Every structure is written in C-alpha cells, then in structure tokens.
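Engineer: Dumping the structure here so I can ask a few things about it.
The values are calculated or read from the model by the stated rules, or taken from the named source; none is laboratory data. Bear in mind that the values here come from a model prediction, so they are computed numbers and not experimental data. Using ideal geometry, Cβ is built from the backbone for each residue, glycine included, and neighbour counts are taken over all protein chains shown.
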Amino acid sequence: MIRTFCSAGAVLLLGTAAHLEAQSAPNEPPPERLAARGWFRDAKFGMFIHWGVYSLLGQGEWVMQNRAIPVDRYEWLASTFNPVKFDAHEWVSVAKRAGVRYITITSRHHDGFSMFATRATRYNIVDWTPFARDPMKALADECRRQGIKLFFYYSQLDWHNADYWPRGGTGHATGRPESGDWNRYLDFMDQQLAELLTNYGPIGGIWFDGMWDKPDAKWRLDRTYALIHSLQPAALIVPNHHQAPLPGEDVQTFEQDLPGANTAGFNTREIGSLPLETSLTMNNAWGFNITDTSWKSPRELIGYLVRAAGRDANLLLNIGPRPDGTIQPEAVDRLQALGDWLARYGTSIYGTRGGPIPPRNWGVTTQRGDSVFVHVLDWPDEVLSIPSLGTRVMHASMLGTGERVNLVQTVDGIVLTLPTGKNDEPDRVIVLQTEHRKR
Ligand code: JFZ
C-alpha cells in the first residue's frame, strides 16, 4: 500500500507520490475487501467439497475426460442425478464440528454441469434432474445459520459447452461441433457468476479453476473480476491458475502443496503478499472415488494444517461426497479428529500468523500478539534448540496442560526441554510468552 506519507522528508517526493497515489488508487481494494482478506487470513481452515454428476460414477471429477465420455451420454447420466440423502444441515454440521470457518464447493466443474439454479442454461440440477432443487441455496442458507462462510468453486474450463472454442488441452473426445463463439462463452460465464453473486446472499468469494487449460486465451479477467467486485465488494477472488497473482485477485492458492513447495509439479514457487491457501485431498481424489482408499491419517492431516499455519496459509481440506448426498465415513471421522484437536489447540492456529522462525522439518511456529507457539511435529529427542526470537522469552509452557517447559536462552538461541512421554502426540505445542514489544 502506498498510502501513508507523513514525514517531512517525503515532501520532496510529493510530486512522485501523488502521481503513484493517483495510479494505484483504482487498484486499491475497498475497505470491505481488505477486511475480508484479514478475515480469511484468520480463518486458517476450510472444507473443500467436490460434488456433481461425476460422483455417480465414483471415479473422480475428471471421469468425463479420462473415460472419453461424449456430451450426449454424459447428458443422460446427468438426467439421473438424484441425491435423495443430501442434507445441508448435516454437511454444515460436519464442517462445524471439524472447526472449519468456510466451505468452498463446486458450483460447476469442468463437466459443465451447473449444480445451482441458473437461467444461463437448462443444463443444471434444477431443470435437468429429478432432484429439481438447488443444493447451493440450501447450503448458503445453512452456512449463514451456522456462521460459516461459503465460497463457490467455478470452472472456467467447460467440456460441455460448444462455445468453449477453440478448445484447449482437454475436452477433445466429447463429440462437440468444431466451432463456437468464445465471447458468447465468456458472456455465459459472467451471467452465471452474476447469479452466484446475487441469489445466495453475501458469499465468501469465487474459487476459479481451469484457466490453465487455455493459458493463452483472452479470458477477459478484468471485466469478470470487476463484475464480481461490483456485485459484492467483499467477495474474494481465489484463482487456481498456478501463476503469481494477477490484478484483482485476493488470495494465492496452492494445490496439493504447502506454499513454496512444488511436489505436484504445477505450483509456482513465487509467494506474493496476498493471503495464502493450500488445497489438499484426504485420499488421492477430489470427486468421489469408490476405490481410492489411500486415506491420510488424522495425524498427517493435523500436520498439514499446522505446517500450513506456520507458513501463514489456510488449509482447504477436501471431501468428495457420494452421489446419494452422504459423506464417506472415512472423511467424517478425519474431520471429527481435526475438530477434536482444534477444540484443544485451536488457539495456536486460528487468528495467528506465521511465526518468527521459518518452517523446519521438526515443525513450525505461529504467533499472536506476544505469544509464540512452537509446534513440535516430528522430533524424537527431549531437547530441542531453536534460533533466537529476537526478543526475550518470559515464560514457556505446554498448551493444553499448562505444564512448565524448561528453557535456557542465550543471544544465539533457546534450548527447550520437552516433557517426556508425549512423543506420540501429533503436535506438541509450547507457548512462549515473550517480552512485550513496542510497535
Ligand atoms: C484442478 C481440477 O482440475 C481438479 O479437478 C480439482 O478441482 C482441483 C482442485 O483443481 O486440478 C488441477 C488443475 C490443473 C492441473 C492439475 C490439476 N494441471 O495443470 O496439471
């Protein structure tokens, strides 16, 4: 922010400063959105939901592409979608018990099927299926009741719409005509986005995905982002385009990787100054996969949440509900385990920022005010030495039990003696009360 210019020396620069101010003002987010970004940074934990027609086949959300299903056959499949056990109250209650502060759900995935009421196409859950109801509306209402923010995932890539033309890297085996009107497709998206921002009350924002399919196309992002922000100035734009953030975007999100890491192969290592998020699957699938049993353990998932927080990032943890509308018990159990852990240790996660010590293999630090939380995730020894925090530690104790932790401080660092017999806990959290710093 190039905002505060008050020192006398700056007067000389005034010409330049005024010039910069004039240029930067239009891009400066309004106070509502800055507040929403702050809320997002504090939230730390969200639940991702991948759910749609693809759930019927139990082979993940890419099944249309992976099994080369043509549009007409997929349309038939869509006409059978009837999640009779869908219960918004149940879903949001599961999320609430897990301790998440927001939900991000697929309003439309790459298959092009709209999981919400829309006038832009009949290819939507209300007009095309026996279910004939809008689950996004039920979720939006229930989220509001339970104090959880709702974000809509929205795919810019479409394997169904003929106007998604010329095609990008995917969607070639769908039997669509070899022609289409790209601008009409962009208009179609804007119309749907306007609906999502108008018909569901205040929403958290839009989580975009799929631009990577046609990286060189003219996506008209400026216009679309301006439309979203004009309809809801506090709505955040979260783009999963795997690039450094572009103008108008509010969050930098990483897929299946902690910020800065790139084991997935498609994440950028460039970390900007926007709020951060990491999306993660509990097994290897986003959409319901009936044979994928590679569940991460609760301990591993707690580790991801904590390591994300230590990098100043939120964890967006995915579930892929079944086609009848129920959530797999394996996912419910894991969410409950995270919720139980957060009920005890949440104070070292929610509302914190990445701590003074950079992430380590043994764990991370988080901080709030004068408290620094040392999260020991993977350290077999009783004694752990950490670098100096640049301020004096007044008191050290275990979060949860309050048990005192012995420490020795020198100018170079701090040696902590951890209580014995607790190595099997997923995270041992030590609270360091530091000397009050004048800010
Ligand atoms: C995208 C989606 O394709 C996926 O279905 C899911 O919704 C996830 C959250 O986001 O995943 C991607 C996107 C791009 C690549 C890989 C996975 N890519 O470019 O290799």
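Engineer: So is THR417 of a type outside the set (Gly, Ala, Ser), modelled with pLDDT under 95 and farther than 24 Å from ASP312 by Cβ or not?
Structural biologist: no
Engineer: Further, regarding this structure: For THR253, all conditions in the list (1) modelled with pLDDT under 95; (2) part of a strand (DSSP E or B); (3) out of contact with any Leu (no Cβ under 8 Å at 6 or more places or on another chain); (4) not aromatic (Phe, Trp, Tyr) hold save one; what is the number of the exception?
Structural biologist: With (1) modelled with pLDDT under 95; (2) part of a strand (DSSP E or B); (3) out of contact with any Leu (no Cβ under 8 Å at 6 or more places or on another chain); (4) not aromatic (Phe, Trp, Tyr) applied to THR253, the lone miss is (3).
Engineer: Tell me whether the range 153-171 contains one or more residues that are over 20 Å from GLN232 (Cβ atoms) and either surrounded by fewer than 16 Cβ atoms within 10 Å (Cβ to Cβ) or at pLDDT below 95 (or both).
Structural biologist: Within the range 153-171 (the criterion being over 20 Å from GLN232 (Cβ atoms) and either surrounded by fewer than 16 Cβ atoms within 10 Å (Cβ to Cβ) or at pLDDT below 95 (or both)), the answer is yes, since at least one residue qualifies.
Engineer: Does ASP127 satisfy the condition of being out of contact with any Gly (no Cβ under 8 Å at 6 or more places or on another chain) and without any contact (Cβ under 8 Å) to a residue 12 or more places away in the chain?
Structural biologist: Yes.
Engineer: A further question on this structure: So which pairs qualify, if the first residue must be in the range 27-52 and over 30 Å from PHE81 (Cα atoms), the second must be among the aromatic types (Phe, Trp, Tyr) and more than 16 Å from the ligand (Cβ to nearest atom), the Cβ gap must be under 6 Å, and the two must be at least 6 apart or on different chains?
Structural biologist: These pairs meet every condition: LYS44/TYR350.
Engineer: Filter the range 201-214 for residues that are under 22 Å from LEU34 (Cβ atoms) and either in a loop (DSSP other than H, G, I, E, B) or among the polar types (S, T, N, Q) (or both); which is farthest from the chain's Cα centre (by Cα)?
Structural biologist: The selected residue is GLY201.
Engineer: While we're looking at this one, here's another question. Name every residue in the range 257-301 that is part of a loop (DSSP other than H, G, I, E, B), of a type in the set (Gly, Ala, Ser), within 12 Å of the ligand (Cβ to nearest atom) and under 24 Å from ALA331 (Cβ atoms), in order of residue number.
Structural biologist: Within the range 257-301, ALA264, ALA285, GLY287 meet the criteria.
Engineer: Restricting to the range 43-62, name every residue that is among the charged types (D, E, K, R) and more than 11 Å from the ligand (Cβ to nearest atom).
Structural biologist: LYS44 - this is the single residue of the range 43-62 that is among the charged types (D, E, K, R) and more than 11 Å from the ligand (Cβ to nearest atom).
Engineer: If I filter the range 138-184 down to residues being closer than 23 Å to ARG67 by Cβ and among the β-branched types (Val, Ile, Thr), which single residue comes out as nearest to the ligand (Cβ to nearest atom)?
Structural biologist: Checking each candidate, the answer is THR170.
Engineer: Looking at ILE357, ILE386, ILE414, which is the one that is in a loop (DSSP other than H, G, I, E, B), surrounded by 17 or more Cβ atoms within 10 Å (Cβ to Cβ) and among the β-branched types (Val, Ile, Thr)?
Structural biologist: ILE357
Engineer: Quick check on my filter: what residues within the range 220-248 are part of a loop (DSSP other than H, G, I, E, B) and within 16 Å of the ligand (Cβ to nearest atom)?
Structural biologist: Listed by number, the residues that qualify are ASN240, HIS241, HIS242, GLN243, ALA244.
Engineer: Kindly check whether there is at least one residue in the range 188-200 that is within 16 Å of the ligand (Cβ to nearest atom), farther than 17 Å from LEU34 by Cα, of a type outside the set (A, V, I, L, M, F, W, C) and surrounded by fewer than 22 Cβ atoms within 10 Å (Cβ to Cβ).
Structural biologist: no
Engineer: In addition: Only residues in the range 209-223 that are farther than 17 Å from ARG108 by Cβ count as the first member; pair them with residues that are within 16 Å of the ligand (Cβ to nearest atom) and not in a loop (DSSP other than H, G, I, E, B), Cβ under 6 angstrom, at least 6 apart or cross-chain, and list the lot.
Structural biologist: The qualifying pairs do not exist here.
Engineer: Out of GLY351, GLY363, which single residue is of a type outside the set (Val, Ile, Thr), out of contact with any Phe, Trp or Tyr (no Cβ under 8 Å at 6 or more places or on another chain) and at positive phi?
Structural biologist: Exactly one of GLY351, GLY363 is of a type outside the set (Val, Ile, Thr), out of contact with any Phe, Trp or Tyr (no Cβ under 8 Å at 6 or more places or on another chain) and at positive phi, namely GLY351.
Engineer: Within the range 43-60, can you find the residues that are touching a strand residue (DSSP E or B) at 6+ places or on another chain (Cβ under 9 Å) and part of a helix (DSSP H, G or I)?
Structural biologist: Within the range 43-60, just ALA43 meets the criteria.
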